[in-house]
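> Sharing a structure here in structure tokens format.
The values are calculated or read from the model by the stated rules, or taken from the named source; none is laboratory data. Everything numeric here is computed off the predicted structure, so don't read it as measured data. Virtual Cβ from ideal backbone geometry, glycine too; neighbours counted across all protein chains shown. Side chains are part of the model used for accessible areas, which takes the heavy atoms of the whole protein and leaves out ligands, DNA and RNA. Shrake-Rupley method; radii C 1.70, N 1.55, O 1.52, S 1.80 Å.
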Amino acid sequence: MYTVPKLTDYSAAALDKAVAELLGALEAEIKALTADSDLRSFRDRWLARKNGVLAQVNELWLKPAPQDAKKLVGARVNQLKEVVQPQVERLSLYDLVDSRKPGLDRLREEDWKQRRQSVLELRWAAERLDITLPGVRRPLGAQHPVIRTMNEIVAVFRNLGYSVSEGPEIESDYYNFESLNFPPHHPARDMQDTLFIGGQESKALRERLLLRTHTSPVQIRTMEKMKPPLRIVIPGKVHRNDAPDATHSPIFHQVEGLAVDTNITFCDLKGTLEHAMKALFGSDVKTRFYPSFFPFTEPSADVQISCIFCGGKGQRDGGPCRNCKASGWIELLGCGMVDPAIFGFVREKQPAYDPEKISGFAFGMGLDRIAMMKYGVSDIGQFYSGDMRFLEQFT
Ligand SMILES: [Zn+2]
């Protein structure tokens, strides 16, 4: 009968040999079991807390192991436990359920196959390299539809000489609202619309922190750092206190643009956006501008493009077009000439922004809506669910 030997050599090779011997002994004992064997004492012999084989392994191998071999011995002992314990336990259980005894031989046969598999696996692990094992197949990644749309839009403006600017997602009230000409009681500043960081009541309003509600603060931050002329696009994540539904999400993405130079006019704005819309949606797409209002631009305009689904006809497949609600137009972005008051705020740090000498235009669009339109997605929440079945469609 097997007895656990004392170890004198703690090298990996010696450990592997000792482990193999122990497993060989277990293998022989299991083979020798019959339906009449006392499985309770078989169990105790291997697993008893006092003097079971595994307990002895602990006493004789792990405890006296020198400090530098402890890690290796510990790993081997744990591997052994993981193989021996469940196998012995499963076998010995059959003894407790007497009615199953007639089937014992068959069950033991199945157990044995599994156990032998485990022993093999342990040996493989010890040998560390098995060139017959299949490699790990890494699935190919792909760009998220929102990121892909973002990159496409940014690329259009990069080709026009724009560079990319980024800024923090946690902003101060000053950069998110005040410097963008939002009056103190503007509804956007309400807790209902904006996610504020808690516990800031003692701070001055302009210093209070919030999750930025648009990428516009980056316009101010960039102008404070760089003198005109300036041409930047700002892609990024923004947050609003919106309950999620098919078209709203508390988190979404924008791309904004800003051009500042001497003699920038509304014509430049129109020409730039018309070119960008054609580059993004095809050369036969039409744009139209009509008056709107934003605190940070004057004059301001909303931009619509002719519906890319029905070609601007408003009718598709013999019925009204759902995408443009039969109007033939889709609203896509907001824009305008930078309000001189904005340059007034920037001048405090960067005097070159003198509204008497320079002018500029700005525009912004919601990325997620454009991505939804481009890829026919009906619920914005799907972009953020992390559901592989949805995302795999875009690989
Ligand atoms: Zn349409």
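> Would you be able to say whether some residue in segment 51-60 is more than 50 Å from the chain's Cα centre (by Cα) and closer than 16 Å to Gln85 by Cα?
yes
> Consider Met223 against the criteria (1) open to solvent by less than 20 Å² (accessible area, probe 1.4 Å); (2) part of a strand (DSSP E or B): it satisfies all of them except one. Which criterion is unmet?
So Met223 meets the others, but not (2).
> Look at Phe289 and say whether it is aromatic (Phe, Trp, Tyr), in contact (Cβ under 8 Å) with a residue 60 or more places away in the chain and away from the ligand (no atom under 12 Å from the Cβ). Give the steps one after another, and end with the answer.
Numbers: aromatic (Phe, Trp, Tyr): yes; in contact (Cβ under 8 Å) with a residue 60 or more places away in the chain: no; away from the ligand (no atom under 12 Å from the Cβ): yes.
No: the conditions fail for Phe289.
> A further question on this structure: With respect to the numbered conditions (1) among the aliphatic types (A, V, I, L, M); (2) within 16 Å of the ligand (Cβ to nearest atom); (3) assigned to a loop (DSSP other than H, G, I, E, B), which one is the sole condition not fulfilled by Ile264?
(2)
> Right, next: How many residues does segment 364-395 hold that are among the aliphatic types (A, V, I, L, M) and exposed (fewer than 14 other Cβ atoms within 10 Å of the Cβ)? Lay out the reasoning, then the answer.
Start the filter on segment 364-395 by keeping residues that are among the aliphatic types (A, V, I, L, M), which leaves 365, 367, 370-373, 377, 380, 388, 391.
Cutting the leftovers down to exposed (fewer than 14 other Cβ atoms within 10 Å of the Cβ) gives us 388.
Number of matching residues: 1.
> Please indicate, with yes or no, whether at least one residue in segment 330-341 is assigned to a strand (DSSP E or B), closer than 25 Å to Asn176 by Cβ and within 16 Å of the ligand (Cβ to nearest atom). Lay out the reasoning, then the answer.
Taking segment 330-341 first, the residues assigned to a strand (DSSP E or B) are 330-338.
Narrowing the set further to residues that are closer than 25 Å to Asn176 by Cβ leaves 331-338.
Next, only the ones that are within 16 Å of the ligand (Cβ to nearest atom) stay: 331-332.
Yes.
> Output the qualifying pairs, or none if there are none: Cβ atoms under 9 angstrom, residues six or more apart or on different chains, first residue in segment 306-329 and assigned to a strand (DSSP E or B) and of a type in the set (Phe, Trp, Tyr), second residue near the ligand (Cβ under 8 Å from one of its atoms) and open to solvent by 70 Å² or more (accessible area, probe 1.4 Å).
none
> So, in segment 214-240, of the ones that are among the polar types (S, T, N, Q) and closer than 27 Å to Tyr384 by Cβ, which residue ends up farthest from the chain's Cα centre (by Cα)?
Gln219
> For the list (1) open to solvent by 50 Å² or more (accessible area, probe 1.4 Å); (2) touching a residue at least 12 places away in the same chain (Cβ under 8 Å); (3) part of a loop (DSSP other than H, G, I, E, B); (4) within 16 Å of the ligand (Cβ to nearest atom), I need the number of the one condition that Pro244 fails.
Single failed check for Pro244: (4).
Per-residue answers, yes or no, for (1) of a type in the set (Asp, Glu); (2) within 16 Å of the ligand (Cβ to nearest atom); (3) more than 28 Å from Lys278 (Cβ to Cβ):
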site	(1), (2), (3)
Ser300	no, no, no
Gly311	no, yes, no
Gly328	no, yes, no
Gln350	no, no, yes
Ser359	no, no, no
Ala362	no, no, no
Met388	no, no, yes
